[in-house]
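For reference, the structure discussed in these notes is given below.
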Amino acid sequence: MDPAAAAGEAVVKVAGAVAADGAPPSRDFLAERASQIGAAWAEEYLRELHANARAAIGAWPGTMSEARRRVVTQLAIVLAPDRLQELARVVNLAARRGWQKGSEPDPEIA
């Protein structure tokens, strides 16, 4: 049994984030989860390149269309179009940050 449920607390699960019912919703759990999705996307992409002996060079190769698809498939909830776009931006920006940490600048664009 879940420890929070055993303690008599109501637990709310939103897209993989769990919050006790009594806690004030001070954070945007969906945006936090979208950021995690983006970071994982970049790590996955970098791992795949390294596994194939390819270098990560230049700008982030992901697209907003891919980011939207990741939001839809990994959050598995129905979102308003504006919210979907907002979370896709969060995913893409987090992925770009992760990519920049593990990639090299393109030497041809210096």
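Since every read-out is calculated from the coordinates, none of them should be taken as a lab result. It should be emphasised that the depicted structure is a prediction, and the values quoted were computed from it without experimental measurement.
What to note about this one:
- Under-5 Å amide H pairs with Ile57, H placed in peptide plane, nonlocal only: Glu104
- Contact order for the stretch 24-109, expressed relative to its length and based on alpha carbon pairs under 8 Å spaced 6+ residues apart, stands at 49 percent.
- For the stretch 72-88, backbone phi angles converted through the Karplus equation (6.51, -1.76, 1.60; θ = phi - 60°) give residue-by-residue couplings of 4, 6, 8, 7, 6, 9, 7, 10, 5, x, 5, 5, 4, 5, 4, 5, 5 Hz, Gly and Pro being listed as x.
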